[in-house]
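What follows is a set of notes on a single structure, which appears directly below.
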Amino acid sequence: MVTLAIVAVLLAITLPSMREFIARKRLEGIAQELVTDLRLLKSHQIQNRPNTGTAIGFGTTDSKSCYILFVKGDNVENCDCTAAEDLLCGPADAEGLRPSPIRQVTIPRDSGVRITSNRTSLDMLGYNAMPRLNRTLSIAVTGTDVGEIRITTNATGVPAVCAVSGVFASIKACPS
């Protein structure tokens with residue numbers, strides 16, 4: 001009986017911290033995935049699309065946050081990750097082929113993680129995959145009760161990541 005009481009007390013102490021640990025890891029994982037996708041976007045532009053361009057678009061609804069990597073041109077100016085699956089990048093062309101995104105990521109609201117960006121999209125153009133008009137992104141990946149991770153790009157489109165709410169396992173704190 002005493003052993004059972006000790007186990008119950010230990011569980012009561014460790015479960016909340018375990019829940020926070022899992023939420024922090026989820027937040028960190030989504031932020032790292034987004035950084036990797038920004039690098040993928042730049043590399044995809046350099047390797048495959050010097051004449052048309054590639055882009056990333058962000059969106060939110062009441063039920064999700066999302067982003068989508070896509071190829072511009074071929075009747076595609078913008079893809080909307082909040083649209084229905086068959087209308088993500090617009091209608092089909094004359095041959096009935098629908099434009100397809102490079103990659104789409106959807107994060108349900110009930111996961112406790114939300115993505116917000118200062119821009120709805122960022123275009124990468126040319127052989128060196130530079131952002132159009134040297135635009136930059138500032139993206140907040142926020143977790144309910146566990147903090148915020150900020151991802152920024154510079155004028156060359158290279159991403160940097162830092163934790164607004166202190167150090168995460170593999171992410172350093174943002175400078176004050």
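The values are calculated or read from the model by the stated rules, or taken from the named source; none is laboratory data. From a predicted model like this one, the values you see are computed outputs, not experimental measurements. Please note: Cβ atoms are built from the backbone with ideal geometry, for glycine as well, and neighbour counts cover all protein chains shown.
Of Asp86, Asp62, which residue is exposed (fewer than 14 other Cβ atoms within 10 Å of the Cβ) and either under 19 Å from Leu137 (Cα atoms) or touching a helix residue (DSSP H, G or I) at 6+ places or on another chain (Cβ under 8 Å) (or both)?
The match here is Asp62.
Could you check Leu122 against (1) surrounded by 14 or more Cβ atoms within 10 Å (Cβ to Cβ); (2) under 24 Å from Ile46 (Cβ atoms); (3) modelled with pLDDT of 90 or more; (4) out of contact with any Leu (no Cβ under 6 Å at 6 or more places or on another chain) and say which number it fails?
It fails just one condition, (4).
Please go through segment 26-59 and pick out each residue that is farther than 20 Å from Ala129 by Cβ, in contact (Cβ under 8 Å) with a residue 60 or more places away in the chain and surrounded by fewer than 17 Cβ atoms within 10 Å (Cβ to Cβ).
Arg26
Quick check, is Asn78 surrounded by 14 or more Cβ atoms within 10 Å (Cβ to Cβ) and in a loop (DSSP other than H, G, I, E, B)?
It is true that Asn78 is surrounded by 14 or more Cβ atoms within 10 Å (Cβ to Cβ) and in a loop (DSSP other than H, G, I, E, B).
Considering Pro91, Pro108, which residue is exposed (fewer than 13 other Cβ atoms within 10 Å of the Cβ) and modelled with pLDDT of 95 or more?
Pro108
So which residues in segment 145-175 are surrounded by fewer than 16 Cβ atoms within 10 Å (Cβ to Cβ) and over 25 Å from Tyr127 (Cβ atoms)?
Residues satisfying the conditions are Asp145, Val164, Gly166, Val167, Ala169, Ser170, Lys172, Ala173, Pro175.
Considering (1) surrounded by 16 or more Cβ atoms within 10 Å (Cβ to Cβ); (2) free of Cβ contacts under 8 Å to residues at least 12 places away in the same chain, say which one Leu133 fails and leave the rest.
The failed condition is (1).
So if I check each of Val141, Val167, Val113, Val161, which one is in contact with a Gly (Cβ under 8 Å, 6 or more places away or on another chain), farther than 22 Å from Asn48 by Cβ and among the aliphatic types (A, V, I, L, M)?
Val113
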